[in-house]
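Here's the structure we're looking at; comments come further down.
Bear in mind these aren't lab numbers, they're just calculated from the coordinates by the rules spelled out. Remember, predicted model here, so these are calculated numbers, not experimental data. Cβ placement follows ideal geometry from the backbone for every residue including glycine, while neighbour counts extend to all protein chains displayed.
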Amino acid sequence: MKIAIQGELGSFSHEAAETMLPQATVVPCARSLEVFDRVQRGTVDGAVIPIENSLAGSVAEHFDLLLGRDVHIVREFRLRIVHNLIALPGTKFGDVRRVFSHPVALDQCRDLFAKNPRLEMTPFYDTAGSVKHVIAEGLRDAAGIASRRAAEVYGGKILKAGIEDDKKNFTRFFLIRRGKPRASHGANKTSLAFSIKNIPGGLFKALSVFALRDISLSKIESRPMRGRPWEYVFFVDLLRGDDEDSRNALRHLGEVAEPVKVLGIYPESPS
């Protein structure tokens with residue numbers, strides 16, 4: 001099985017993919033668009049994508065691509081994010097002057113920079129890519145912030161482990177596959193997207209279809225609709241799988257919202 005990820009080998013997406021599908025071959029892609037294109041064309045069997053970080057929030061581009069492509073969510077997985085300072089073997093912490101990583105990772109390790117003002121934050125396109133760059137270029141005055149898996153993949157040395165400011169730092173990943181959604185085994189969660197007309201009580205009417213049936217929502221978020229300025233699409237997670245109440249709620253939603261797209265019916269990740 002081939003599973004695409006956005007980013008380099010050794011990234012947190014790589015770690016999530018290996019945990020979810022230990023026997024899969026991971027296919028790194030430079031851009032998220034390439035990941036979704038590969039899934040839709042069938043050149044890979046699926047993809048593992050980050051959708052939300054507990055500190056940084058949602059990955060907006062991935063919500064847009066889920067809405068616009070013929071793919072569906074099969075599973076979700078929550079990965080504890082542990083950041084590590086990784087350098088060329090032989091480098092000492094005192095030698096480091098520049099620290100490369102993705103801007104989000106740098107922002108999540110501000111205590112390190114506050115305590116060591118000599119260190120210069122240097123934004124890079126990818127966490128694992130920053131380690132790959134430091135090792136490939138032989139930079140002895142630099143280090144990258146990335147996962148332990150990145151150190152293993154590129155032969156780096158972990159100078160400091162667990163440098164993230166907040167230890168309750170998690171990223172939620174989706175396993176996606178091509179085609180229309182169908183309930184996964186043990187499904188107890190549903191993700192969907194819908195748009196409503198800008199009329200008084202429109203959102204209330206849309207959400208009431210779930211409240212009337214005692215269906216809990218764990219997430220709701222709005223995003224601008226492409227090609228329709230000042231109109232918005234709502235992304236919602238329901239704590240319910242494919243049962244009679246949820247099917248009736250979706251039919252009811254179709255009467256007050258348009259379009260409605262079910263993104264996936266899948267098992268909720270263990271906490």
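Both the radius of gyration and Dmax for the stretch 23-178 are 16.7, 50 Å, in that order, over alpha-carbon atoms.
Our note on the geometry: Cα centres of the stretch 209-233 and the stretch 257-271, 12 Å apart.
Please give the peptides 67-75, 99-107 ranked by average Cβ packing (other Cβ atoms within 10 Å per residue), highest first, as a rough proxy for protection. Don't jump to the answer; show the numbers that get you there.
Working: 67-75: 18.4, 99-107: 21.3.
Ranking, from highest mean packing down: 99-107, 67-75.
Scaled against 2.2 N^0.38 Å for its residue count N, the alpha carbon radius of gyration of the stretch 84-161 is 0.93.
Beta-bridge orientation, the stretch 84-161: approximately 50 percent antiparallel, per DSSP, counting only bridges with both partners inside.
When peptides 12-21, 88-97 are ranked by their average number of other Cβ atoms within 10 Å per residue, the highest-first order is 12-21, 88-97.
Take 173-184, 194-205, 54-65 and order them by the average number of nearby Cβ atoms within 10 Å per residue, most first; the result is 173-184, 54-65, 194-205. Between amide H atoms placed 1.01 Å from N, distances below 5 Å from LYS189 occur with ARG240, GLY241, TYR266, GLU268, all of them 5 or more places distant or on a separate chain. Estimated from helical segments only, the mean residue ellipticity of the chain at 222 nm is -8500 deg cm²/dmol, where each DSSP H run of four or more residues counts as -39500 (n - 2.57). Against the empirical 2.2 N^0.38 Å (N residues), the stretch 189-266 has a Cα radius of gyration ratio of 1.03.
Give me the one-decimal Kirkwood hydrodynamic radius in Å for the stretch 1-111, with the sum taken over alpha-carbon pairs.
After inverting the pairwise mean of 1/r, the radius is 15.6 Å.
Normalised by residue count, the chain yields a Cα convex hull volume of 140 Å³ per residue. Modelled label positions at ARG31 and GLU244, each set 7 Å beyond Cα in the direction of Cβ, lie 4.9 nm from each other. One decimal place: the segment ALA161-ASN188 gains 6.2 nm when fully extended, by the rule 0.36 nm per residue minus the C-alpha distance.
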